[in-house]
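Working notes, beginning with the structure itself.
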Amino acid sequence: MTQTLSDRSVLDPALARGWTLAEDRDAISKTYTFADFTEAFAWMTRVALIAEKMDHHPEWSNVYKTVTVTLTTHDAGGLSPLDVRLADRMDAL
Ligand SMILES: C[C@H](O)[C@H](O)[C@H]1CNC2=NC(N)=NC(=O)C2=N1
């Protein structure tokens, strides 16, 4: 079972890169804007393969060239190191 983050400062780098803490739950969110739908969906496809390998999956939605992502660890009932790791991978693409 994954543990929730006890040291919340590990979120600081992600927060500095535009991730925000949700107000109503223990999760982080970010909206990415791409040049067009093809770029947005290509990014989602690459993230999907990474997420599947990590066995850690985003909540997300796509509208045209924007993708809104929420990360939380359902098994832990809140944020865990896996969310930080996936946020890092998403930003690095
Ligand atoms: C059985 C499987 O490993 C788990 O259900 C994984 C799958 N992907 C997951 N993704 C996320 N975001 N949180 C989880 O707790 C989670 N659990």
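Readers should treat all values here as calculations from the given coordinates under stated rules, not as data from a laboratory. Predicted, not measured: the structure shown is a model, and the values here were computed from it. Don't worry about glycine lacking a Cβ; one is built from the backbone with ideal geometry, like all the others, and counts go over all protein chains shown.
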Which of the numbered conditions does His74 fail, given that it passes all the others? Conditions: (1) over 17 Å from Trp19 (Cα atoms); (2) without any contact (Cβ under 8 Å) to a residue 40 or more places away in the chain; (3) more than 8 Å from the ligand (Cβ to nearest atom); (4) under 14 Å from the mean Cα position of the chain (by Cα). (3)
Looking at region 51-69, which of its residues are assigned to a loop (DSSP other than H, G, I, E, B) and more than 8 Å from the ligand (Cβ to nearest atom)? Tyr64, Lys65
Among Asp91, Asp75, which is more than 17 Å from Ala14 (Cβ to Cβ) and surrounded by fewer than 20 Cβ atoms within 10 Å (Cβ to Cβ)? Asp75
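Please specify each residue of region 31-48 satisfying the condition of being more than 14 Å from the ligand (Cβ to nearest atom) and either among the charged types (D, E, K, R) or free of Cβ contacts under 8 Å to residues at least 24 places away in the same chain (or both). Lay out the reasoning, then the answer.
Of region 31-48, the ones more than 14 Å from the ligand (Cβ to nearest atom) are 31-46.
Correct list: Asp36, Thr38, Glu39, Phe41, Ala42, Met44, Thr45, Arg46.
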Would you confirm whether any residue within region 15-30 is more than 14 Å from Met90 (Cβ to Cβ), surrounded by fewer than 11 Cβ atoms within 10 Å (Cβ to Cβ), in contact (Cβ under 8 Å) with a residue 24 or more places away in the chain and of a type in the set (Gly, Ala, Ser)? no
Residue list for region 1-50, restricted to those being touching a helix residue (DSSP H, G or I) at 6+ places or on another chain (Cβ under 9 Å), of a type in the set (Gly, Ala, Ser) and assigned to a helix (DSSP H, G or I): Ala14
